[in-house]
Amino acid sequence: MFSDVLAIVAVVTAIVSTVIAGLAFKQSRRAAHASEKANRRDLFLALHERLSHRDQQRGRTILRERVSSFKDAADMRDRDRDSYDLMMSSIAMLDILGLYVEKEYIDKDVVLDEWGWLYARTFEHGQHVLNERAINDESRKLPWPHFRELGEEAVAKHLVTPRRQGG
């Protein structure tokens, strides 16, 4: 009789221990998920702040306003190195953004919702720079693959409308 009570207590103790362990595991998973979400948010905000920096804005503006062909990109490289460097810095930063999306460090939908329209407009002009760099780089490596990949997705999501002549 005493051994039956002891066996029941042991079973109940095992069940209670299992339930407590399960609840602790569930809570730790919830905390890990919240921490990962906060880290992804903080990383996105840091990139957002960097992309909003004056030099980054200036580089993207130069790209959109002054590069509409392969020749424009080559001419800028030869004649206006400061503007070219600002533009290249902006493309490199957008490539980093693309890398972080590819590696899922930040959420692609958030990036495309927040930056997609600008990314698409920048990519439209940036393709000329990519082509110019690929031809003039001795390594013959395609530069900024993440800029290219996310750029294509941004264009698909945020259709770029051609500019009208004379307006």
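The values are calculated or read from the model by the stated rules, or taken from the named source; none is laboratory data. Worth saying up front: this structure is predicted, and the values here are computed from it rather than measured. With ideal geometry, Cβ positions are generated from the backbone for all residues, glycine too; neighbour counts draw on all protein chains shown.
Write out, first by first residue and then by second, each pair whose Cβ atoms fall under 8 Å of each other, whose residues are 6+ apart or on separate chains, and whose first residue, in the range 39-51, is assigned by TED's automatic domain parsing to the domain that holds Leu112 while the second is exposed (fewer than 13 other Cβ atoms within 10 Å of the Cβ) and acidic (Asp, Glu).
Within 8 Å, no pair qualifies.
With respect to the numbered conditions (1) in a helix (DSSP H, G or I); (2) surrounded by fewer than 16 Cβ atoms within 10 Å (Cβ to Cβ), which one is the sole condition not fulfilled by Leu99?
With respect to (1) in a helix (DSSP H, G or I); (2) surrounded by fewer than 16 Cβ atoms within 10 Å (Cβ to Cβ), Leu99 is out only on (2).
Determine whether Ser68 is polar (S, T, N, Q), in a helix (DSSP H, G or I), closer than 25 Å to Asp137 by Cβ and in the same structural domain as His146 (by TED's automatic domain parsing).
Judged against the criteria, Ser68 is not a match.
Quick check: anything in the range 114-135 closer than 20 Å to His158 by Cα and without any contact (Cβ under 8 Å) to a residue 12 or more places away in the chain? It would help to see each step written out before you state the result.
Quick first cut of the range 114-135, residues closer than 20 Å to His158 by Cα only: 114-128.
Restricting the remaining residues to those that are without any contact (Cβ under 8 Å) to a residue 12 or more places away in the chain gives none.
The answer is no, given that none of the residues of the range 114-135 is closer than 20 Å to His158 by Cα and without any contact (Cβ under 8 Å) to a residue 12 or more places away in the chain.
Residues checked against (1) in contact with a Leu (Cβ under 7 Å, 6 or more places away or on another chain); (2) hydrophobic (A, V, I, L, M, F, W, C); (3) more than 30 Å from Arg133 (Cβ to Cβ):
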{"site": "Thr13", "(1), (2), (3)": "no, no, yes"}
{"site": "Val16", "(1), (2), (3)": "no, yes, yes"}
{"site": "Val19", "(1), (2), (3)": "no, yes, yes"}
{"site": "Gln57", "(1), (2), (3)": "no, no, no"}
{"site": "Met93", "(1), (2), (3)": "yes, yes, no"}
{"site": "Glu102", "(1), (2), (3)": "no, no, no"}
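Can you tell which of Gly98, Gly166 is among the small types (Gly, Ala, Ser) and modelled with pLDDT of 95 or more?
So the residue among Gly98, Gly166 that is among the small types (Gly, Ala, Ser) and modelled with pLDDT of 95 or more is Gly98.
Table: residues versus (1) touching a helix residue (DSSP H, G or I) at 6+ places or on another chain (Cβ under 8 Å); (2) at pLDDT 90 or above.
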{"site": "Val16", "(1), (2)": "no, no"}
{"site": "Asn39", "(1), (2)": "no, no"}
{"site": "Leu47", "(1), (2)": "yes, yes"}
{"site": "Lys71", "(1), (2)": "no, yes"}
{"site": "Ser83", "(1), (2)": "yes, yes"}
{"site": "Ser90", "(1), (2)": "yes, yes"}
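I want to confirm something. Restricting to the range 49-63 and keeping residues that are charged (D, E, K, R) and within 14 Å of Trp115 (Cβ to Cβ), which single residue is surrounded by the most Cβ atoms within 10 Å (Cβ to Cβ)?
Keep residues of the range 49-63 that are charged (D, E, K, R), which gives 49-50, 54-55, 58, 60.
Checking the rest, the ones that are also within 14 Å of Trp115 (Cβ to Cβ) come to 49-50, 60.
Working: Glu49: 10, Arg50: 13, Arg60: 24.
Here the residue is Arg60.
When the residues of the range 106-122 are filtered to those that are within 10 Å of the chain's Cα centre (by Cα) and aliphatic (A, V, I, L, M), which remaining residue is surrounded by the fewest Cβ atoms within 10 Å (Cβ to Cβ)?
Val110
With Asp42, Asp82 as the choices, which residue is in a helix (DSSP H, G or I), surrounded by 10 or more Cβ atoms within 10 Å (Cβ to Cβ) and not small (Gly, Ala, Ser)?
Only one candidate passes the filter, namely Asp42.
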